[in-house]
1. Is it true that some residue in the stretch A:147-160 is modelled with pLDDT under 90, buried (at least 22 other Cβ atoms within 10 Å of the Cβ) and farther than 23 Å from residue A:280 by Cβ?
2. Quick one: would you say residue B:200 is touching a helix residue (DSSP H, G or I) at 6+ places or on another chain (Cβ under 7 Å), crowded, with 21+ Cβ neighbours inside 10 Å, touching a residue at least 12 places away in the same chain (Cβ under 8 Å) and under 26 Å from residue B:287 (Cα atoms)?
3. Residues to consider are A:117, A:132, A:121, A:146; find the one that is within 14 Å of chain B (Cβ to nearest Cβ), in a loop (DSSP other than H, G, I, E, B) and under 30 Å from residue A:270 (Cα atoms).
4. Within the stretch B:226-249, which residues are touching a helix residue (DSSP H, G or I) at 6+ places or on another chain (Cβ under 9 Å) and surrounded by fewer than 18 Cβ atoms within 10 Å (Cβ to Cβ)?
5. Considering only residues that are without any contact (Cβ under 8 Å) to a residue 12 or more places away in the chain and over 25 Å from the mean Cα position of the chain (by Cα), which ones fall in the stretch A:149-173?
6. Of all residues being farther than 14 Å from residue B:234 by Cβ and not in a helix (DSSP H, G or I) in the stretch B:150-177, which is nearest to the other protein chains (Cβ to nearest Cβ)? Just the residue, please.
7. Would you confirm whether or not the stretch B:192-201 contains a residue that is facing chain A (nearest Cβ under 7 Å), part of a helix (DSSP H, G or I) and within 20 Å of the chain's Cα centre (by Cα)?
8. Looking at residue B:34, is it in a loop (DSSP other than H, G, I, E, B) and more than 30 Å from residue B:141 (Cβ to Cβ)?
C-alpha cells in the first residue's frame, strides 16, 4: 500500500498528471476518431464495391477538358488530369496576382490623391468590389458580360491584335526562331547588372558617389537581348487567329485563345483582390509619419531619394504582410472556378474526376493537401520576409 | 455668390495643376459614360409593373422578374404559408441585437448568452417546425434565408471551438499546443469550397452506413469548423494584447487555469476583438453563397434556376443586380459598423 502511494507520488512528480491527462485524452480522442472514420469508410466502400487507394491515378480518365496548358485528352491518366487542373489554378492565380497588384497599387495611391474626384472614385471602387461576394462577381462577368459579347462573325477586332467575341479573346501567337539567343541575352544582362551593382557599391564606399544602377539595369535588360537576337538571327512572327467557315459555322482557328471561363475568373479575382490590396497600400503609406519625410529632407535627400530610401522601404514593411495574405486568398479563391466550369484543380479533380471514379476520400485528400502545400509555401516565404525586415528595423 | 464659391472650390481641388486637371477630366469622363446609362437602365426606362416577361416593353431593366420571383429568391422552396416562421426568427435576432444597444453593459452579457445558447434552439424550432407546427425538412430551405441561416449558425457554433483553439494554441502543454496549431493552419490553408465538397460527398462515407446526417447540417458543421480556425486567430490576437500582469494577478488570487481564463482573461480579450469577429462574420457572409456550388438552393442558385426558366430567359442581369444590391447593403453597413466599433475601442484603450 505504501509502495503504491510512493509510486503515485513519483509519477505525479515525474509526469505531472495534471498536465499529462488532458494531453493524453486529446490524443486518445483523436486516434479513436480517426479509427472510427477509417473503420466506417472501409465498411462503406466494401458495400459499394469501391476499392481504395491511389491506383486510379494511372488509369485512363476518359474525359476531356476545354482548356489545358499541356497536351491532354480522355486517353491520358487521372494523374495527368490532376496536373492539368493544378497548372490551370497556378496560371489564373499568377495573372490574377499580377493584375490585382497593379490595380491595387494604382487605386491605393489614388485613394490618397489630393484630387477629391479621384479619391472619391477610388473609394467607390474599393467599397463596390470588396463588399460583393466573389462568386456573384464571377457569375456576373461570366453570364452577363462575356456571354453578351458579339458573335463570332461580328467579332470586335482591336488594332488587328486582339479579337474579342463570345467564344473568348484571341491574341496572336509569338513564334520565335532561334529563341535561346534571347535567353542568353537576358542572362548576360543579369550578370552585367550584378557586376555594375558591385562596382557601384565599391565606388560608394570609396568616393561617396554611385552609379544609377536601376536605370542602367533597365537599359541592359532591353539592350542585350536585342543585340543577342540580332547576332543570333532571331526571327519573330505573329500568327494571327484566322476566321474559318466550316459547314456554315464561323470559327477562329490558331493564335492564342483565352476561354471566357478563364477571363471571367481572372477579371473577378483581380478586381476583388485589388480592392483589398488598395486598402493595404493606403494603410501602408498613411502609416509613415510626417516626421520621416521632414527628417529625410533635413538631411538633404531630394524627393526621389527620400521616397526610395525612407518612405517606400517603411511603407512596404506595412504593406507586404497583409498583401501576401491577399495573394494567398486569391489562390484559394481561384477554386471558385468550379462555379463556371473553368478546369482548375477543384473543378477537374474534386468535380469531374470524383464523379467519374467515386473515390471521394482520396481525391478530396489530394486536393486539400495541394492547396495546403501552396498556402504553407506562401506563408513560409512571408515568414522569411518578416524575419528579414524585423532584422533591419533593429 | 454660391457659383463663385463652387468655381473657387473646384479650382483648388480639381484643377490646381495641369496634371490634376487631366485627372479630373478623366474622372468626369468615366462618370459620364457609366452613371447616366446605368440610372436610365435601372430606373428611368425600367419596368416595375406587370406579371409576365412580355410586360417589359422598354429597353431598361425588367424588375418584374425580381418581383415575380421575390419569394423564391428570399426563401427558396420553403412553404409559402410558413414563411412567417422564418421572418419571426430573424425578427427575434434583429430585436435582440438592437436591444443590446439600449441596455446597460451589465445586461449585454445576458443578451450574448441568449444569442449563443437559446436563440439557435428557438430559431431551429421555428424554422424546422415542431410542437404541432408543420415540419419543413431542411432540403426545402433556400434563398437568401438559407445563406443567412448558415452564416449565423457558422459564426455562433464556431465561436466556442475557436476560443478553445485560441487557448490551446497558447497552452504550455506541447500536445495541445501543436494539435491546435496544426488544426488551425490546416483549415486556414484550404479553400472553403473543398470543405463544402468534403461535407457533401466525403463525410457520409466516414459515418456508419445506417446513420443519415442531413446535407444542410453537414454543410453547416463544415462551415462552423472551417470558421473556428479564423475565430481562433482573431481571439488569439486579443489574448496577445493582454498584459502579463492580468495572468499574474489572477494566479495570485489563487485562480486555476479555467477560472482565470473564464473570469479574467477571456472577457477582456474578447471585448477587444469584437470588431475582428464582426469582420470574420462579414467575410463568412460573403463566402456562404458558395454553397450554391454543392447544389444548395441558395439565392444565387434560385437566380440561376429562374433565369433558365423558359418564360424568363435573358433576365440574368436583373437577378444578379438584385442579389448584388442586397449583399452590398448588408456587407457595407456591417463593415462600417465594425469600423465604428474599432474606433470606439481603440480610443477607449488610449
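1. Scanning the stretch A:147-160 turns up no residue that is modelled with pLDDT under 90, buried (at least 22 other Cβ atoms within 10 Å of the Cβ) and farther than 23 Å from residue A:280 by Cβ.
2. No.
3. Going through A:117, A:132, A:121, A:146 in turn, the sole match is A:132.
4. Scanning the stretch B:226-249 gives B:237, B:240, B:241, B:242, B:246, B:247, B:249.
5. Matches in the stretch A:149-173: A:154, A:156, A:157, A:158, A:159, A:161.
6. Taking the candidates together, the pick is B:173.
7. Yes - at least one qualifying residue is present in the stretch B:192-201.
8. No; evaluated as a whole, the condition is false for this residue.
The values are calculated or read from the model by the stated rules, or taken from the named source; none is laboratory data. In this text the structure is predicted, and so the values were computed from the model without any measurement. Note that we place each Cβ from the backbone using ideal geometry, even for glycine, and neighbour counts take in every protein chain shown.
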